[in-house]
Amino acid sequence: MKSLIDLQKMLVPELLEVMQQRYSLLQSVNLFQPIGRRGLAENTKLTERHVRGEVDFLHDQGLIEITTKGMFITNEGKLILEQLVKFIGELSGLHVLEKRIKETLHVGEVVIVPGDSDVNAGVKQEMGKACVSYLKSILQRDNTIAVTGGSTMAAVANVMTPLGKESDLLFVPARGGIGEKAENQASGIVAEMARRAHGEYRMLYVPDPISNSTYETIITEPAIIEILEKIKGANIVIHGVGNAFKMAERRRTPEKVMTLLKEKKAASEAFGYYFDKYGNVVHKVKTVGIQLEDLAAVDHVVTVAGGKSKGEAIASYFKQGKSDLFITDQGAAEQILRGTPL
């Protein structure tokens, strides 16, 4: 396939660009259906005039359906979309990129999906599908899967499918809830994952962060002790990586701590830890759930994070963070390499 792609790049370079654009259009219709032409143009960053012509082509090929409510992807369109993922990856040289990221971040395995989730929300779903595929390959008979919150984890939940009839699945939140949208809360995400995977789930009704006095009281509650034992005994952990200051804002961090984070030049956040660009912990908030040191005892740690804007944060976290598999997108991967000295 690679030799064919190289020939196409030399002889018909415009063909490959058209394929990438049509892949992006199909991906957006699949994610946002029903969607109109204007919405499609906004999500793909193409002009409405260009989108109009491409939509007519995709409709003539039977890949999308146009109704008064908007556009829908057809079953044939979904099949083509799934088949295109691997080809677009080859086209973009993602296998070479995966190898470079693996060597740069010193991570076990790397999977990179085409595109940039900052630009196209559908890319998060592709990262989610890669995560689900990996889960299917590592399941044991009894599995406890701990999951953090955030929009990327919510995307993983949205594409979750039944994982295996012979496996018992228990989904648990890796930590307490941050004051954000309910669909991005860890507890809500594990409930959705369990529903789609035909598994069980447990809730952790604890805010994140909490005061020292509240922490000391909460961890003595029998119900909290029980769920913490489940969380600490997880054999699979799926988590994201956040930009330090965006996460601090979501936590409604006091001004005094915000000033500290700025002084220490915090770059990333994961599990309540804030790291500078060298991977040093510059601040830690009090949280109930998985701590950074707990990851060493976990069989499979999966990090899912993408988007060009997260490149620096991801590189910062992996200066010390453990992960058996890192799933990201092309936008983040290229940004990581741009910011890493050769």
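The values are calculated or read from the model by the stated rules, or taken from the named source; none is laboratory data. Note that the structure is predicted; figures quoted are calculated from it, not measured. Positions of Cβ are backbone-derived with ideal geometry, glycine not excepted, and every protein chain shown enters the neighbour counts. For accessibility, only protein heavy atoms count, side chains too; no ligands or nucleic acids. Shrake-Rupley method; radii C 1.70, N 1.55, O 1.52, S 1.80 Å.
What is the calculated FRET efficiency for R141 to E226, with r their C-beta to C-beta distance and R₀ = 25 Å, to the nearest 0.05? It comes out at approximately 0.70. Between V96 and E17, the simple label model (points 7 Å from Cα in the Cβ direction) yields a spacing of 2.0 nm. Rounded to the nearest 10 degrees, the angle from helix 186-197 to the longest Cα principal axis of the chain is 50 degrees.
Rolling a 1.4 Å probe over the protein heavy atoms gives the chain an accessible area of 49 Å² per residue.
Here the contact order of the chain, divided by its residue count and restricted to Cα pairs under 8 Å and six or more residues apart, works out to 17 percent.
Counting protein heavy atoms only, segment 268-328 has 47 percent of its accessible area on carbon and sulfur, 1.4 angstrom probe.
Based on Cα contacts under 8 Å between residues 6+ apart, segment 240-318 shows a relative contact order of 37 percent.
Based on the alpha-carbon gyration tensor of segment 120-235 and its eigenvalue square roots a ≥ b ≥ c, which shape applies: rounded if a/c is under 1.5, prolate if not and a/b is larger than b/c, or oblate? Judged from the Cα gyration tensor, segment 120-235 comes out oblate (a/c at least 1.5, b/c at or above a/b). The alpha carbon centroids of segment 19-72 and segment 126-170 are separated by 30 Å. Close amide H pairs (under 5 Å, H built 1.01 Å from N) link G36 with M71, residues at least 5 positions away or on another chain. I'd like the orientation of helix 122-138 relative to the chain: the angle between its Cα long axis and the longest Cα principal axis, in ° from 0 to 90, rounded to 10. Once rounded, one gets 60 degrees. Of the whole protein surface, T47 contributes about 90 Å² of accessible area at a 1.4 Å probe radius. The sum of -39500 (n - 2.57) across all DSSP H runs of n ≥ 4, divided by the residue count of the chain, sets its helix-only mean residue ellipticity at 222 nm to -15000 deg cm²/dmol. For V147, the solvent-accessible surface with a 1.4 Å probe is about 0 Å², rounded to the nearest 10. In order along segment 100-113, the Karplus-derived 3J(HN,Hα) couplings, from 6.51 cos²θ - 1.76 cosθ + 1.60 at θ = phi - 60°, round to 5, 5, 4, 6, 6, 8, 6, 10, x, 9, 10, 10, 10, 9 Hz, and Gly and Pro are given as x. Note on surface exposure: M127, M258 rank M258, M127 by accessible area, highest first, 1.4 Å probe.
With the charge dipole of the chain set up from +1 on Lys and Arg Cβ and -1 on Asp and Glu Cβ about the Cα centre, the Cα lying farthest toward the positive end among the listed residues T67, H283, L81 is that of H283.
Angle of helix 13-32 to the longest C-alpha principal axis of the chain, folded into 0 to 90 degrees and rounded to 10: 50°. Between the amide H of V113 and those of T328, D329, Q330, distances stay under 5 Å, these residues lying 5 or more places away or on another chain, with hydrogens modeled in the peptide plane.
For segment 186-320, the dipole from Cβ point charges (+1 on Lys and Arg, -1 on Asp and Glu) about the Cα centre works out to 600 debye, to the nearest 20. What aspartates and glutamates sit close enough to K232 to cross-link, taking a C-alpha to C-alpha distance under 14 Å and skipping anything fewer than 8 places away on the same chain? Partners found: E293, D294, D299. May I ask you to list the residues of segment 42-69 whose amide nitrogen lies under 11 Å from a point 7 Å from Cα along the Cα→beta-carbon direction of V119? Within reach of a label on V119, which here means backbone N under 11 Å from a point 7 Å along Cα→Cβ, segment 42-69 contributes 44-46.
Counting 0.36 nm for each residue step from L337 to V257 and taking away their Cα separation leaves a gain of 25.8 nm.
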